[in-house]
Structures are given as structure tokens and as C-alpha cells.
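S.K.: First the structure, which I've put down as C-alpha cells, then a few questions once you've had a look.
The values are calculated or read from the model by the stated rules, or taken from the named source; none is laboratory data. Source: prediction; values computed, not measured. As a convention, Cβ positions derive from the backbone with ideal geometry for all residues, glycine included, and neighbour counts pool all protein chains shown. Surface areas here come from the heavy atoms of the whole protein model, side chains and all, with no ligands, DNA or RNA. Shrake-Rupley method; radii C 1.70, N 1.55, O 1.52, S 1.80 Å.
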Amino acid sequence: MPTDEQKLWGVWGQANGLYSSWAASKDINYYLLLVLYALEGQKTMTQKKICICTGMAKQTVNSVIRSLKEDGYIELSPGIEDRREKQITLTEKGIAYSRELITPLRELEHRALQIMGDDRVRQMVDNITLFNTVFEKEMEKEV
């Protein structure tokens, strides 16, 4: 019988696997999907913020950012507070590309959440938020 921790790890991994499979079905890299998803929602972000939002390593984000820049999907501009930190913004071409990919994914998510119902969605968000808060506090104790 799996423990609660094993069950959590299993469903967390399954969710990541579903997004990875969705990305593969669109012939894109999972990491590219995560970066576009983050940028599409925020419009302008730093590499550090993308790392925080996606949980991806700096090197991985940097690689995706380089690729997106080479393809003309993003622009880099000096940061407002720290000019060494680049602001990453989708170009018009990038907005169109992102919408082409992210809009169908958001629609799929929306349908799934509607089927679940508002109460279950709120419970899910509340429980994941609580887990993240408690987990972070426990991690801090170990540092």
C-alpha cells in the first residue's frame, strides 16, 4: 500500500507527465512550453522570475530563452532596477506563437476544472498552497 508521500509524488509526477505529453503532441519541448506559459501570462519577466515560476534550472531557462531570441519570439531589454538583469518580452511574432500554443492548453485546463467543479478546484488550490507553505517552512529549518 503506497504511503501518502508516495501518492503525492505519483500524482505530481502524473500531472507533469500530462503536460509533457501535451507538449510532445504539439511537437514542442516541455521546457519551451513552461517558459511560453509563464511569459504569456506575465508579458514581461526576468530569467530569475521564470526560474522561480517554473521551478526550472537557470541553465535550462537560459537555453530556452536563447532559442526563443534566435527565432525572433522574444526581445531582451535592460532591467528597470538592475540593468544587468534582462527583461524578457514576447515580440508580436512571439505573442502569436504563444497564443497558438497556450490558448488550446488553457482551454483544456478550463474544461477539466469546470468538470471538477468550483468547490474541488478551490480545495485543490488551498491544499497545494498549504502544502507548499508548510514544505517551505520545513525546508528552512534544515538550512
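S.K.: Which GluC sites (Glu not before Pro) in region 40-116 pass both tests, a DSSP loop state and at most 15 other beta-carbon atoms within 10 Å?
M.R.: Sparse-neighbourhood loop GluC sites (Glu not before Pro): Glu81, Glu85.
S.K.: Right, next: Which length gain, in nm to one decimal place, applies between Glu75 and Ala96 when the Cα-Cα distance is subtracted from 0.36 nm times their residue separation? If you can, show how the numbers build up before the last one.
M.R.: On the way: separation 21, 0.36 × 21 = 7.56 nm, distance 1.43 nm.
Full-extension gain reported as 6.1 nm.
S.K.: Now for a different question. Please compute the modelled spin-label separation between Val125 and Gln14, points set 7 Å along Cα→Cβ, answer in nm with one decimal.
M.R.: 2.3 nm
S.K.: Go through Lys86/Lys141; Lys49/Lys137; Lys48/Lys93; Lys43/Lys141 and tell me which ones have a Cα-Cα distance over 26 Å in this structure. Working shown, then result.
M.R.: On the way: Lys86/Lys141 33 Å; Lys49/Lys137 21 Å; Lys48/Lys93 23 Å; Lys43/Lys141 35 Å.
Long pairs (Cα-Cα over 26 Å): Lys86/Lys141; Lys43/Lys141.
S.K.: Region 1-77: Rg/Rh from Cα coordinates, Kirkwood Rh?
M.R.: 1.07
S.K.: Sequence-distant or interchain residues sharing an amide H contact under 5 Å with Thr46, placed H: which?
M.R.: Here Ile88 satisfy the definition.
S.K.: What is the dipole size for region 48-143, taken about its Cα centre, with +1 at each Lys and Arg Cβ and -1 at each Asp and Glu Cβ, in debye to the nearest 20? Write down the numbers at each step before the final one.
M.R.: Details: 16 positive and 17 negative charges, 54 e Å.
Computed charge dipole of region 48-143: roughly 260 debye.
S.K.: 5 Å is the cut-off here: which amide hydrogens, built 1.01 Å from N in the peptide plane, fall below it relative to Glu85, excluding neighbours closer than 5 in sequence?
M.R.: Hits under the 5 Å cutoff: Gly79.
S.K.: Could you give the accessible area per residue of the chain, probe 1.4 Å, as a whole number in Å²?
M.R.: Values: 10580 Å² over 143 residues.
Solvent-accessible surface per residue comes out at 74 Å².
S.K.: Okay, moving on. Might you report the magnitude of the Cβ-based charge dipole of region 1-108 about its Cα centre, with Lys and Arg at +1 and Asp and Glu at -1, to the nearest 20 debye?
M.R.: Charge dipole, region 1-108, about its Cα centre: 240 debye, nearest 20.
S.K.: Now for a different question. List, in order, the whole-Hz ³J(HN,Hα) value for each residue of region 129-141 obtained from phi through the Karplus relation with A = 6.51, B = -1.76, C = 1.60 and θ = phi - 60°; use x for Gly and Pro.
M.R.: 3J(HN,Hα) across region 129-141, in whole Hz: 4, 4, 4, 4, 5, 5, 4, 4, 5, 5, 4, 4, 5.
S.K.: Once you list every other residue whose beta carbon is under 13 Å from the beta carbon of Phe135, what net charge do they have if Lys and Arg are +1 and Asp and Glu are -1?
M.R.: Net of charged neighbours comes to -3.
S.K.: Modelled label-to-label distance, Glu138 and Asn62, 7 Å Cα→beta-carbon offset: nm?
M.R.: Inter-label distance under the simple model: 3.3 nm.
S.K.: Dividing the alpha-carbon Rg of region 58-143 by 2.2 N^0.38 Å yields what?
M.R.: Working: Rg = 18.6 Å, N = 86, 2.2 N^0.38 = 12.0 Å.
After normalising by residue count via 2.2 N^0.38 Å, the value is 1.55.
S.K.: Which FRET efficiency value, to the nearest 0.05, do you get for Tyr30 and Lys7 by plugging their Cβ-Cβ distance into 1/(1 + (r/R0)^6) with R0 = 22 Å?
M.R.: Efficiency, rounded to the nearest 0.05: 0.40.
S.K.: Just the number, please: carbon plus sulfur as a percent of the accessible area of region 51-143, 1.4 Å probe, no ligands or DNA/RNA counted. List each step's numbers first, then the result.
M.R.: Working: 3780 of 7220 Å².
It is 52 percent, rounded to a whole number.
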